[in-house]
Each structure stands twice: as C-alpha cells, then as structure tokens.
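Novice: Please find one structure pasted underneath; my questions will follow.
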Amino acid sequence: MQSTAAALTMVRDDAFFLKAWLRHYGEIFGRENCYIVNHGRGSEVARLAEGCNLIGIPGDPHRNFDMKRWRMLNNLVQGLRCYYNHVIVGDVDELVVVDPAAGMSLLEFLETAKLRRVLTPVGLEVIHRIDVEDQPIVDRIIGPRRHVRLAPHYSKPCIVSSGDKIARGGHYTQSDKLFTPDDLYLLHLKFCDFDAYGAAMDQRNRVTEALGGSVKDIAIGRHWFAEARGEDRAVFQAFAALKTVPGFDLAPVRKRMHETWGPRGDTGFWQFDRPEYAVQMVLPERFVGVI
C-alpha cells in the first residue's frame, strides 16, 4: 500500500469530470488513496467513487461557499499529510499529468520529489475545437481532443508536501518559493467537450440561482453565474481564432513565472503574473491517452 501521494477534490454532481478524475488518479494512486468530498451526498457520486474515501457534507445553499470550501480543503490536506508525503488538491476538472517523455508515472515522479515544498504545474486548458474535432469522448479525453490553450490562471500550486495554506480558489499559497518542475502540467478540462460544458454550467447556474445574491455576497467564482456565461456555442467557436503556436516548448512560460514571482500585497500569499495568452497549441502525439 503506497503512502507517497493522495488526491483530494470536492464535487457536486459533475459525473463527466468525476469519471475522468477517478480514472486518472484511481489508476495511478489506487482508489484507496483518493479522497472525495461529496457536496450534497449525491448518490451518483457515491456510486461512481466506490472504493474511494468519501466525505459527505450537506448540500444546502449557503453563502461564502468558496471560502468555506477552501478552509475545509486546507484542513483536509494538512490532515492527510500526516500519512502521505504529497497531497494533490484541486477542482474535479483539474488533472495533474507528467509529460510522457519523462518515462515515468505521476506516482513515480512524486516518489523521488523533494518534500516540504509546494509544486506548481504549468496550466493548460484542453479546448474542444468543434470546427475540426467531431469525435465524441468515450473514455480517454486526450486523443479526441488535442488542442490546448495556455492558461496561467490554472498554473496552480496544487501538490503540497508542506504546511503552507492555499488561498481561496487554489491560485496562491503562503510558500515563498516557487517550484515548477519541467515535466509537470495541470490540464483544465472545463472546455474539453461542448456537451459536457453545457451540462456542467447548467448545474452551476442552478446552484447560484438557489443561493441568490451577487458574486460579492456569495463569494463564489463569477463564472458560476448565468449572467457571466454568454452563449455556449460562441464560446467554443472563438477557440478557432486563437493563434496556433508550433511545437511544445513551455520553458518561456515557466521563466516568466519565476521572473514575476513575489508577495501578493500584504495577504501573506505569493504569486506570479498571469497574463492572457491568446494562443493555442496541439499536444504532441505522446500525450494521447494520458487522461
């Protein structure tokens, strides 16, 4: 039984993304090392996550959702660190992968990773190019989908082996040192499939409608609100206009992260600049099947 790494997430009804999360971390770490906060104690989540560690919590609408969520996740991370060297924490549509060129699994990578630090994979957003990708996602995502856009917003400090607290949303930590291993990536799946996106957004819109109030009142991401959603098909059609960058060299991105590293005001957290890159790339063939 391995004690190198555990994976932790919180989910409410997102079956499409939960299946991907379970397949990815369950295969690599073993389901017994996967921890899922089941918000609302959904029966489908419980069924899909059989063999994992489920923590059921009430699903009643409440304000300050994101602050409460990350307070809980921070405490769970630190508790799990008593038994695991590394804990990966993040949203259910965020998966950490190792470049297959490294010739090792994520577990093997973490078995040799130094402790007492926070690792920040470079964020890549998997996008569904509906103009050229017509294959449905049956199980594996990378294959039917090969296009990604650079997403500094999702370069998250999500692999924790220290006592540092993570900020709400998972974008910053209290660690004053930045570690960005060359072979690590965080793949954000929100836009990986047109139909799955619509279903997930419908569910999130229902949550915010039940809560009532504004973004400021509720303290939840603006993208959960119907008025910030826009027209789904237009969102996906716009991906075609992104400039395609040849090759797959993320070294300049990591370099910029380190060059802009510094304290986030007087909050006690640290950050790097997160510019908007209006570019896309095609994942190399070696990534097919990685998730």
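The values are calculated or read from the model by the stated rules, or taken from the named source; none is laboratory data. None of these values were measured; they are calculated from a predicted model. Please note: Cβ atoms are built from the backbone with ideal geometry, for glycine as well, and neighbour counts cover all protein chains shown. To get the accessible areas, we keep the full protein, side chains included, count just its heavy atoms, and leave off ligands, DNA and RNA. Shrake-Rupley method; radii C 1.70, N 1.55, O 1.52, S 1.80 Å.
Novice: Ordering Asp176, Asp134 from largest to smallest accessible area (1.4 angstrom probe), what's the sequence? Spell out each step's value before the answer.
Specialist: Working: Asp176 80, Asp134 135 Å².
The ranking, largest first, comes out as Asp134, Asp176.
Novice: Identify which of the listed values of Rg/Rh (Cα atoms, Kirkwood Rh) was calculated from the structure shown: [x] 0.96; [y] 0.93; [z] 1.10.
Specialist: Structure-derived value, by its label: [y].
Novice: When the helices in the chain are scored as -39500 (n - 2.57) per DSSP H run of 4 or longer and the sum is shared across all residues, what 222 nm value do you end up with, to the nearest 500 deg cm²/dmol? Could you put the intermediate results ahead of the total?
Specialist: Working: 8 runs with 80 residues, N = 291.
Calculated mean residue ellipticity at 222 nm is -8000 deg cm²/dmol.
Novice: Under the rule that a partner needs its Cβ under 4.7 Å from the first Cβ, which Cys of the chain have none?
Specialist: If one checks each Cβ against the other cysteines of the chain, Cys82, Cys158, Cys192 turn up with nothing under 4.7 Å.
Novice: Taking a 1.4 Å probe, which of Thr260, Thr173 shows the most accessible area, and what order do the others take after it? Before the final figure, lay out the partial values.
Specialist: Working: Thr260 35, Thr173 5 Å².
Sorted by accessible area, descending: Thr260, Thr173.
Novice: If you don't mind, another one. Reachable aspartates and glutamates from Lys165, Cα under 14 Å, same-chain residues fewer than 8 places away excluded?
Specialist: Here the aspartates and glutamates satisfying the reach criterion relative to Lys165 are Asp176.
Novice: Now for a separate question. Greater than 30 Å separation of Cα atoms is the criterion. Which listed pairs, Lys19/Lys177; Lys190/Lys255; Lys68/Lys243; Lys68/Lys255, meet it? It would help to have the intermediate numbers written out before the result.
Specialist: Numbers: Lys19/Lys177 34 Å; Lys190/Lys255 26 Å; Lys68/Lys243 39 Å; Lys68/Lys255 34 Å.
Distance filter (> 30 Å) returns Lys19/Lys177; Lys68/Lys243; Lys68/Lys255.
Novice: If amide H atoms are built 1.01 Å from N in the plane of the peptide, which residues on other chains or at least 5 residues away come under 5 Å of the amide H of Gln271?
Specialist: Hits under the 5 Å cutoff: Gly262, Arg264.
Novice: Continuing with the same structure: Non-local amide H neighbours of Ile55 (under 5 Å, H modeled in plane, Pro and chain starts lacking H): which ones?
Specialist: Placed amide hydrogens put Ile36, Val37, Asn38 under 5 Å from Ile55.
Novice: Grab the other residues whose beta carbon is less than 11 angstrom from that of Gln2, score K and R as +1, D and E as -1, and report the net.
Specialist: Working: positive: none; negative: Glu32, Glu108, Glu111.
Charge balance near Gln2 sits at -3.
Novice: With every protein chain left in place, what is the accessible area per residue of the chain in square angstrom, probe 1.4 Å? Don't skip to the end; give the middle numbers.
Specialist: Working: 13350 Å² over 291 residues.
I get 46 Å² per residue for this part.
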